[in-house]
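The structure appears below as structure tokens.
The values are calculated or read from the model by the stated rules, or taken from the named source; none is laboratory data. Owing to the predicted nature of the structure, the values given are computational and were not obtained by experimental measurement. All Cβ positions, even for glycine, are placed from backbone atoms using ideal geometry, and neighbour counts span all protein chains on display. Quick note on the areas: whole protein, heavy atoms, side chains included, nothing else; ligands and nucleic acids left out. Shrake-Rupley method; radii C 1.70, N 1.55, O 1.52, S 1.80 Å.
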Amino acid sequence: MLYAKHIAKTQIIKEVITTKKQKKNLINKPTNLYEEAKRRYHDLLAIREELEASLSKAPPGKIHVTKSVKRTQYYLREDSSDKSGIYISKADTSTIKTYLQKAYNEKELKLLNIEISSLENLLKHSDGIIKKQQILYSGNPTEVKNQISPIDISDEDFAEKWLNTPYTGKEINPNVPYFETDRKERVRSKSEIIIANALASHGIPYKYECPLKLSDGNVIYPDFTVLKVKERREIYWEHRGMMDDKQYSTNSVMRIKTMNRNGIFLGDNLIISEETTTTPLGTNEIEQMIKKYFL
């Protein structure tokens, strides 16, 4: 009997361990479903208002269209009891256009109302559910969170875990001029100080020269690896500071080609800032890029 209990207990422990292992892979991917649903809902409300305004000004009656192999004819019916209608000459394009648009708007309005009702139902029952899922874990003290394998976590927790993942950056030669960011990181140029400090001032998580292993096994060190928190993905920011130097610019082009071969593309998960001796990088340019890609 004791042996049987031991076997049962061992099986339960194995199931718990297996479940924990499975949970580690059950992380919710970020979605903008509800934000998109809200946007669509408000867009449809605006369109519905325009359609209703247009229909309120439309003339009475409905157009009836008959089609045959050789011709299409138009008839104006005063109401639903009118089975024949008054023939509209094709030369009267204004009347035909007015009534065809009215008929289209009436049908479109019915479909809009169906979609609006569906979206209202979705938003009513689901609005804020992602936040609730995240708080289910992130609302706990650290000691409690350490015991849970979550399905989803808050943006703040995600960013904190991302920032706290240790890495070894690219070594900087002691002979290189010393530049330090507000976060006490050593960087290679004054422009990189400005970029780093601008990101930090907006609360945007970043890592300086974090190693990136490529598909061929080689490792590169993008200037900045920036976390796009809402999408929970990394964007690489390359600053090319000496583009008037021929060898430097050649190396920069080769570096971008290498990144392209590894699925890193400009405008998707790669952004680039550039400068030369006579055309330095401006703080306004940095702010515009941050606003465009991260805010």
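Quick rundown of the values:
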item	result
Any chance SER149 is within 28 Å of PHE294 (Cα to Cα) and not charged (D, E, K, R)	no
Residue tally, condition touching a strand residue (DSSP E or B) at 6+ places or on another chain (Cβ under 6 Å) and closer than 25 Å to GLU50 by Cβ, over the stretch 75-99	4
Residue count, the stretch 180-200 (criterion: under 13 Å from TRP237 (Cβ atoms) and of a type in the set (Gly, Ala, Ser))	3
THR66 being without any contact (Cβ under 8 Å) to a residue 12 or more places away in the chain, open to solvent by less than 50 Å² (accessible area, probe 1.4 Å) and either more than 20 Å from THR98 (Cα to Cα) or touching a Phe, Trp or Tyr at 6+ places or on another chain (Cβ under 8 Å) (or both)	yes
Among (1) of a type in the set (Gly, Ala, Ser); (2) in a helix (DSSP H, G or I); (3) open to solvent by 60 Å² or more (accessible area, probe 1.4 Å), the one test that SER215 misses	(2)
So TYR74, is it hydroxyl-bearing (Ser, Thr, Tyr), touching a His at 6+ places or on another chain (Cβ under 8 Å) and touching a residue at least 12 places away in the same chain (Cβ under 8 Å)	yes
Pair list, Cβ < 8 Å and 6+ apart or interchain, from the stretch 160-186 residues that are free of Cβ contacts under 8 Å to residues at least 40 places away in the same chain to residues that are in a loop (DSSP other than H, G, I, E, B)	LYS161/ILE153; ILE172/ARG188; VAL176/ARG188; PHE179/ARG188; PHE179/SER189; ARG186/ILE172; ARG186/TYR178
Residue within the stretch 243-255 that is of a type in the set (Lys, Arg) and open to solvent by less than 40 Å² (accessible area, probe 1.4 Å) present	no
Test for LYS110: is it open to solvent by 90 Å² or more (accessible area, probe 1.4 Å) and closer than 30 Å to GLU35 by Cα	yes
Residues that are of a type in the set (Ser, Thr, Tyr) and assigned to a helix (DSSP H, G or I), drawn from the stretch 69-110	THR93, SER94, THR95, THR98, TYR99, TYR104
Residue among SER249, SER273 that alone is among the polar types (S, T, N, Q), within 14 Å of GLU192 (Cα to Cα) and over 16 Å from the mean Cα position of the chain (by Cα)	SER273
Leading residue by the ranking (most open to solvent (accessible area, probe 1.4 Å)) among those in the stretch 138-193 that are basic (Lys, Arg) and assigned to a helix (DSSP H, G or I)	LYS190
